[in-house]
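Contents: one structure, followed by commentary.
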Amino acid sequence: MKRILVTGGLGFIGSHTVVELQNSGFDVVIIDNLSNSSIKVLDNITSLTGIKPDFYQIDLRNKQDITHFFNTNKIDGIIHFAAFKAVGESVKKPLDYYENNIGSLVYLLQEMQHKNIDNFIFSSSCMAYGTPEKLPITEQTPSNKAASTYANTKQIGEEIIQESCDAYDLHAITLRYFNPIGAHKSAKIGELPNGVPQNLVPFVTQTAAGIREQLSVFGNDYPTEDGTAIRDYIHVVDLAKAHIIALQRLLNKQNKQNFELFNIGTGKGSSVLEIVKTFEKATNQKLNYKIVDRRPGDIAAIYADTTFANEELKWKAEKTLEEALKSAWEWQKNQ
Ligand code: WQD
């Protein structure tokens, strides 16, 4: 049984990927520092799959702890989610983001090199493209300057991995996510940000649940149809399944280069107001919102051309926006 390390495995995307890994017969060990997740998620995963993943509360900024972990655990592959990921916050705390997102990546890659661990899946983001000139975005679209520190940590992270694959013959696949939303159909795992949600959909569900007074829509003066910003919202379970396929590609040595990169989105763009309207329709909940100024670091529009992942990985997003928003609401009601 292949033993896979999932860093950030108690987080939103990490926990959904752990469930899919266990359902696919992998032995999973999680490292998480609980800075944006809860230990309760470990029991929720166990109740879903019947298998309790091994768990180590380690902060990946601590090189000694990482080295000790790899000295005592034989690992066949790594899926690396652990990172700070809020666009707005990253603009206010750049050094925290560089220290955490870049520092921990370097330490992990050094361990891979020393321990001959070959298979690495990197959680990247469509934000690595910067402000796109042309849409939809393909993997060949050249990246522009990152619009936020968070995006820059993903651009730099990909370069570090590419150079490490070349220099040390590592094999890595980078998945550039678009906007992950929704929750497992059981409503036992979902998006659980600590404190005030930075992302749109958890703020929407918490507003509908009465936890938040009102949703602020960050700007309606963008050059889009209704003036609000456009993103490609993908169901987190579709996203999780893409990780299993990418990991199996590496384990089965089907990768065509040492470093491969795929867009993981639906190929469909939705504006903030479309999310609000679709949520209201899917859940029969009225949303209290107001238009406010733009958020620093945001870009107007981005959505994926997913042809490469569809053809090369034989992966395609299957769930609709409505299903994703409804699952997010079912999860919120279960909190
Ligand atoms: C979406 C849209 C906001 C909150 C996210 C993740 C990032 C990466 C890419 C994975 C924007 C607007 C938001 C609110 C709003 N994901 N908004 N009111 O910034 O696109 O980035 O996806 O790697 O980690 O953060 O997502 O959900 O913050 O914003 O109007 O209260 O919703 O301006 O247009 P973003 P988001």
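Throughout, read-outs are computed from the coordinates displayed, never taken from laboratory work. Keep in mind that this is a model prediction, so the values were computed, not measured. Cβ sites come from the backbone with ideal geometry, for glycine too, and all protein chains shown count toward neighbours.
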- prompt: What is the antiparallel percent of DSSP beta bridges lying wholly in the chain, to the nearest 5?
  reply: 5 percent
query: Using alpha-carbon positions, what is the distance between the centroids of region 227-285 and region 24-41, in Å?
result: 21 Å
statement: In this structure, the FRET efficiency calculated for THR49 and ARG294 from their beta-carbon separation, with R0 = 30 Å, to the nearest 0.05, is 0.10
query: Leaving out same-chain residues fewer than 8 places away, which aspartates and glutamates sit with a Cα under 19 Å from that of LYS333?
result: ASP43, GLU191, GLU213, GLU280, GLU322, GLU323
query: Given the Cα-Cα distance of LEU287 and THR72 and 0.36 nm per residue of separation, how much length would full extension add, in nm?
result: 72.4 nm
- prompt: Hey, what number do you get for the chain at 222 nm if only DSSP H runs of n ≥ 4 count, each worth -39500 (n - 2.57), divided across all residues, to the nearest 500?
  reply: -11500 deg cm²/dmol
message: Given bins 10 angstrom wide, list per bin the percent of all Cα-Cα distances in region 39-140, short to long.
response: 12, 33, 34, 18, 3
message: Taking the number of other C-beta atoms within 10 Å as the exposure measure, put THR17, THR72 in order starting with the fewest.
response: THR72, THR17
field: Loop sites in region 277-335: trypsin sites (Lys or Arg not before Pro), DSSP, at most 11 other Cβ within 10 Å
entry: LYS286, LYS314
Difference of contour (0.36 nm per residue) and Cα-Cα distance, TYR168 to ARG3: 57.2 nm
GluC sites (Glu not before Pro) restricted to DSSP loop in region 94-202 with at most 13 other C-beta within 10 Å: GLU133
- prompt: With Rg and the Kirkwood Rh both taken from Cα atoms, where does Rg over Rh land for region 65-209?
  reply: 0.99
message: What distance in nm lies between label points placed 7 Å from Cα along the C-beta direction at ASP59 and ASN310?
response: 4.5 nm
task: Taking just the C-alpha trace of region 280-335, give me its Rg and Dmax in Å.
output: 16.3, 43
- request: Just subtract the alpha-carbon distance of GLN113 and ASN252 from 0.36 nm times their residue separation and send over the number in nm, one decimal.
  value: 48.1 nm
query: Evaluated at 25 °C with a viscosity of 0.890 mPa s, what Stokes-Einstein diffusion coefficient in µm²/s does the chain have when Rh comes from the Kirkwood expression over alpha-carbon pairs?
result: 122 µm²/s
query: Over region 205-335, one equal point on each Cα, no solvent: what is log10 I(q)/I(0) by the Debye formula at q = 0.16 Å⁻¹?
result: -0.91
- request: Can you bin region 3-94 into rounded, prolate or oblate? Criterion: square roots of the alpha carbon gyration tensor eigenvalues sorted a ≥ b ≥ c, rounded for a/c under 1.5, prolate for a/b above b/c, oblate for the rest.
  value: oblate
message: How compact is region 200-251 by the rule of thumb for globular proteins, expressed as Cα Rg over 2.2 N^0.38 Å?
response: 1.69
